[in-house]
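The next block holds one structure in the form of structure tokens; read it before the comments.
The values are calculated or read from the model by the stated rules, or taken from the named source; none is laboratory data. All figures in this text were calculated on a predicted structure; none of them were measured in a lab. Reconstructed Cβ throughout: ideal geometry from the backbone, glycine too, with neighbour counts over all protein chains shown.
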Amino acid sequence: MCTFNGILSEYPWISIDSFLEANCQVSRVFFVSHIHTDHLRGLDESTFYQYTTNNPSIRIYCSESSRHFLSILPAYKHLSKFYSIINVNQPLTIQNPTDKNVSLTVTCFGSGHCPGSLMLLFEGSHGTVLYTGDFRLYSHQSNRHRIILSKKPIDTLYIDMTFFEPSIRQLPQRKQSCQKLIHLIEQYDNRYFHLKTSARVGYEYIYTSLYHHFGILIHVNHEQYHLYDCLPQVQQALTTDGSRTRIHACWPNCSHSKFSIKIVLSVLWFTLQQQSNCPLIRIATDYYRLCYSLHSSYNEICTFVKQISPIRIHPIALPSQLTSERFNELIKQLGIHQNQTNCFASNNIVQQIKRRYQMTENTDIDDDDELDFGFHKNRDNNEKQLYKRISNLQQPSNKNEDLTYQ
């Protein structure tokens, strides 16, 4: 769950992935690490639009793919003139608009989360800061980043620790999950399939792998299809004509046959059920779950932290039930000695869990949350128990609490 308000404490004139009123009050330069909605907080709101009207020289830096996505999505395209491309592995000097004597260098790297997702390295007079955004890097990929960053000691690492929990030591790699999916589809060569996804982007490996293996296009809606105008290698695997294929991913709830086999692509369900080492699980007749993670496992996070070896860690997302004491204990095992307490807002996290569940109860909702539960109306006993656990979560004790981290 999110534990970062978007403002870099070392460089508060910079905000990342948050465009709320609190960010506008102190920041003058903004970054988007990727386009999942939880990293675009406030970007579609009138407060930020008014801020850009009053400050027409501001820039929102993002990757080329993210700029394309944002410029065609209805909620964000009105800000098109403010989006500026930052290229991978090309250092860029940025000045503080309110103090021309203050500047820093920012360099970005791919984060492996979804198309256009970035890590951001900031180098300035107040230290070297690495912001991972959401990331999924396997061991060999982390090693490449280590080589790049080996000559740049990191003072503070702002890191996605969504699955920083020893019970989630391993998560299937995308290739492993896709192989399980292919094997399932091969067993039913005359059946329709409905792939229930939950985010706008992030499933491209699935789409292209199915297309190349079966020679079958994947049905998506028109908005989804045109998102990939900038990625022809993905778009060639898709179609907006549902009659041309038996594989459908036209979210939020599309199927050209009521007898289709439904496959929910998710990861949070698996981790809460402590079955993250099983890529594919049959829940009921014609209903499966596929473990497909866009976030790093516990082991992958540990490998990355050890290779980067920062002085301090600031998690931007954490497991919902992780306490500050347990967190400090775990990072000490990685050679990081600090007492982290300022990012643990348990009531806020409880609210996030319950809201995430409430959103995904409605299968027709047009959300964009790749960490949804993906519950299905025909729950098995395990899902009913999980629902009960979520429903019984402690209610917030203070109605006036700060909800910044939501």
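Every condition in (1) under 18 Å from ILE301 (Cα atoms); (2) of a type in the set (Val, Ile, Thr); (3) touching a helix residue (DSSP H, G or I) at 6+ places or on another chain (Cβ under 8 Å) holds for ILE182 except the one numbered (1). Listed here are the helices (runs of 4 or more DSSP H) enclosed by segment 1-119 that have at least 2 residues being in contact with a Ser or Thr (Cβ under 6 Å, 6 or more places away or on another chain): 21-26.
When you look at ILE185, is it part of a loop (DSSP other than H, G, I, E, B) and modelled with pLDDT of 95 or more, yes or no? So ILE185 does not fit the description; no. In segment 172-182 there is at least one residue matching the filter, namely being surrounded by 15 or more Cβ atoms within 10 Å (Cβ to Cβ) and assigned to a loop (DSSP other than H, G, I, E, B). Checked against (1) farther than 21 Å from ARG28 by Cα; (2) touching a Leu at 6+ places or on another chain (Cβ under 7 Å), VAL88 passes all but a single condition, namely (2).
Whether any residue in segment 204-221 is in the same structural domain as LYS258 (by TED's automatic domain parsing), at pLDDT below 95 and surrounded by fewer than 22 Cβ atoms within 10 Å (Cβ to Cβ) is what I want to check. Yes.
Residues in segment 56-75 that are of a type in the set (S, T, N, Q) and touching a residue at least 40 places away in the same chain (Cβ under 8 Å) were compared, and the one that is surrounded by the most Cβ atoms within 10 Å (Cβ to Cβ) is SER66. Residues of segment 117-144 that are over 20 Å from the mean Cα position of the chain (by Cα), surrounded by fewer than 20 Cβ atoms within 10 Å (Cβ to Cβ) and touching a residue at least 12 places away in the same chain (Cβ under 8 Å): GLU123, GLY124, SER125, HIS126, GLY127, ASN143.
Okay, residues lined up against (1) under 19 Å from the mean Cα position of the chain (by Cα); (2) under 24 Å from PHE109 (Cβ atoms):
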{"site": "PRO153", "(1), (2)": "no, yes"}
{"site": "GLN173", "(1), (2)": "yes, yes"}
{"site": "TYR207", "(1), (2)": "yes, no"}
{"site": "PRO232", "(1), (2)": "no, yes"}
{"site": "THR240", "(1), (2)": "no, no"}
{"site": "ARG246", "(1), (2)": "no, no"}
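Does segment 296-351 hold any residues that are polar (S, T, N, Q), at pLDDT below 80 and in a helix (DSSP H, G or I), and which are they? SER346, ASN347, ASN348, GLN351, listed by residue number.
Taken together, the residues in segment 9-32 that are out of contact with any helix residue (DSSP H, G or I) (no Cβ under 6 Å at 6 or more places or on another chain), within 27 Å of ARG200 (Cα to Cα) and either crowded, with 19+ Cβ neighbours inside 10 Å or outside the structural domain of ASN101 (by TED's automatic domain parsing) (or both) amount to 7.
Entry remark, segment 296-308: residues being touching a helix residue (DSSP H, G or I) at 6+ places or on another chain (Cβ under 9 Å) and surrounded by 18 or more Cβ atoms within 10 Å (Cβ to Cβ) number 9 in total. On the stretch given as segment 33-55, residues that are within 26 Å of GLN321 (Cβ to Cβ) and surrounded by fewer than 18 Cβ atoms within 10 Å (Cβ to Cβ) total 1.
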